Amino acid sequence: MNTGIRTALITGANRGIGLELTKQLTAKGYFVFMGVRDASKGAKALQFLEFPERAAVVELDVNDPVSVHRAVKEIGQASESLQILVNNAGVMNEDFMKDSTTGIAMEKLKKTFDTNFFGLVELTNSVLPLLLKSGEASILNISSNMGSLQLHSRQEPLARTFAYNASKAAVNMYTIHLANALRDQQVRVNAVHPGWVKTDMGSEYAPLEVNEAVGPLVDFLLQKDAPTGKFMFQGQEVEW
Ligand SMILES: NC(=O)c1ccc[n+]([C@@H]2O[C@H](COP(=O)([O-])OP(=O)(O)OC[C@H]3O[C@@H](n4cnc5c(N)ncnc54)[C@H](OP(=O)(O)O)[C@@H]3O)[C@@H](O)[C@H]2O)c1
């Protein structure tokens, strides 16, 4: 790949917020490595892009360390550095309408953390050398206001999906740790709440169309003087 092309890796890029991020970043001239669990779903997703030549599908299951390391190697062979990592892949294994706190099955709790937290940390650490090579990089963790300890402690009316919320709170803590660890190395690390978005996870009842939700995320990612160690929603800080 030509040097000088700006590159991004987006996990869970075959649908929902990840696919829309791919659309919007490729439209802005980025080359996007689309992390997908299933290559055939990735091939279908490419058809939705206006500039498919600015994207490559990379098989990447964040729960599988072998897949993570293979994907990072593949990206490293195609590009000498990465400017952007968007940790977007996520799962919610609970019923949005029920409080799962007292009856949570340990398997469900662990499965949620495997994808939303452990997989995210493993991928980020693996891809960090490529991000550092770019000289100025940005990591965006797609979190949720449902991971906000402060909002929950005030009993704001957020869904009581305990495993999901706890996993996103852990992502938020990781965001702060990583931002502090990389503060002097030109890597910005932030968490964002995308809003309640019409996707498979967000459901048809969500108020935000996916393009409306993703526009502000891309603006924030590409903002020249963007901060680090923040939790943002549409240009405003969210309480941790
Ligand atoms: N939608 C909302 O209202 C909302 C609100 C707040 C935060 N978020 C967050 O936004 C992010 C994207 O959500 P979405 O609404 O776009 O959800 P979605 O439509 O359900 O898409 C989830 C994506 O994650 C991928 N994924 C799941 N497990 C994975 C794994 N182990 N490895 C790699 N990829 C995996 C899925 O791939 P497959 O197709 O292979 O399953 C899919 O591409 C998530 O982190 C979510 O928590 C969403």
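Coordinate-derived values only; no laboratory data. Computed from a prediction, not measured in an experiment: that's the story for all the values here. Cβ sites come from the backbone with ideal geometry, for glycine too, and all protein chains shown count toward neighbours.
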Item to check | Length-normalised contact order of the range 1-158 in % [C-alpha pairs under 8 Å, at least 6 apart] | outcome: 23
Checklist outcome for this item: The correct pair for the chain, radius of gyration to one decimal and Dmax as a whole number, both in Å and from Cα atoms, is 16.8, 54
Item to check | Label zone at residue 108 (point 7 Å along Cα-to-Cβ), backbone N below 13 Å, the range 200-240 | outcome: none
Next on the checklist: Charges at C-beta only: +1 for Lys and Arg, -1 for Asp and Glu. How large is the resulting dipole of the range 7-237 about its Cα centre, in Debye rounded to 20?
Outcome noted: 200
Next on the checklist: Suppose the chain between residue 28 and residue 5 were pulled fully straight at 0.36 nm per residue; how much longer would it get relative to their current alpha carbon spacing?
Outcome noted: 7.1 nm
Next on the checklist: Rounded to the nearest angstrom and ordered from largest down, what semi-axes does the equivalent ellipsoid of the range 68-167 get from its C-alpha gyration tensor (root of 5λ)?
Outcome noted: 32, 15, 8
Checklist outcome for this item: Within the range 14-45, the residues whose backbone N lies under 13 Å from a label point placed 7 Å from the Cα of residue 206 along the Cα-to-Cβ direction are 15-21
Next on the checklist: At 222 nm, what value in deg cm²/dmol follows for the chain if DSSP H runs of at least 4 each add -39500 (n - 2.57) and the sum is divided by all its residues, to the nearest 500?
Outcome noted: -12000 deg cm²/dmol
Checklist outcome for this item: To the nearest 0.05, the calculated FRET efficiency linking residue 78 and residue 183 through their beta-carbon distance, R0 being 25 Å, is 0.30
Checklist entry - When only alpha-carbon atoms count, how far does the range 32-125 stretch along each of its three principal axes, as whole angstroms with the largest first? => result 48, 29, 22
Next on the checklist: Can you give me the C-alpha center-to-center distance between the range 1-38 and the range 181-240, rounded to a whole angstrom?
Outcome noted: 16
Checklist entry - Along the positive direction of the dipole of the chain (beta-carbon charges: Lys, Arg +1; Asp, Glu -1; about the Cα centre), which of 208, 175, 194 reaches farthest? => result 175
Item to check | Taking 164, 205, 174 and counting other C-beta atoms within 10 Å, the order from fewest to most | outcome: 205, 174, 164
Checklist entry - If you rank 60, 222 by fewest surrounding Cβ atoms within 10 Å, what's the result? => result 222, 60
Next on the checklist: Is there a quick way to get the dipole size of the range 1-116? I mean about its Cα centre, with the Cβ of Lys and Arg at +1 and of Asp and Glu at -1; what is the value in debye to the nearest 20?
Outcome noted: 180
Checklist entry - Where a Cα-Cα gap under 16 Å defines reach, which lysines qualify for residue 41, not counting those fewer than 8 residues away within the same chain? => result 23
Item to check | Extension gain (nm, one decimal) between residue 39 and residue 219, 0.36 nm per residue minus Cα-Cα | outcome: 61.9 nm
Item to check | Selection of GluC sites (Glu not before Pro), the range 182-225, meeting DSSP coil and at most 16 other Cβ within 10 Å | outcome: 204, 209
Item to check | Cα shape, the range 139-212, gyration tensor, a/c 1.5 rule | outcome: oblate
